[in-house]
Amino acid sequence: MGKRGSAYAQLSRNAPDLYPYAVYPAADVCLPIARPSSGSCVLLSLPKAGGQDWSIVIDMDEWVELSLSFPDFLWTTLQGDLEIPILVDEPSFEPVGALKP
């Protein structure tokens with residue numbers, strides 16, 4: 001996750017209009033949580049001020065924010081009911097890192 005965040009930080013400095021979301025390890029960020037076979041990046045967006053729920057942000061050459069919890073996003077995606085083509089192959093799961101306290 002740190003490598004992905006560092007890459008996003010560099011890209012954001014070079015083209016801020018193309019990278020509107022800050023990514024971990026920056027403050028007030030999105031956390032990378034999945035890398036689909038489509039090459040996109042799925043991020044979990046921290047709640048905004050005012051108690052808004054967490055949401056899903058997808059970087060797929062354009063940024064899309066979905067008002068879904070992660071479990072709802074995962075279920076909808078695995079059922080094939082998500083209108084955005086995230087999965088192009090059968091899903092597989094692998095650890096990509098760990099958050100440290």
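Which one is modelled with the highest pLDDT among residues in region 23-49 that are over 18 Å from Gln10 (Cβ atoms) and hydroxyl-bearing (Ser, Thr, Tyr)?
Ranking the candidates gives Ser45 first.
Of the numbered conditions (1) under 17 Å from Ala7 (Cα atoms); (2) at pLDDT below 75; (3) under 13 Å from the mean Cα position of the chain (by Cα); (4) surrounded by 14 or more Cβ atoms within 10 Å (Cβ to Cβ), Ile86 satisfies every one except a single condition; which is it?
(1)
The values are calculated or read from the model by the stated rules, or taken from the named source; none is laboratory data. Because the structure is predicted, anything quoted here is derived from the model rather than measured. We place every Cβ from the backbone using ideal geometry, glycine too, and count neighbours over all the protein chains shown.
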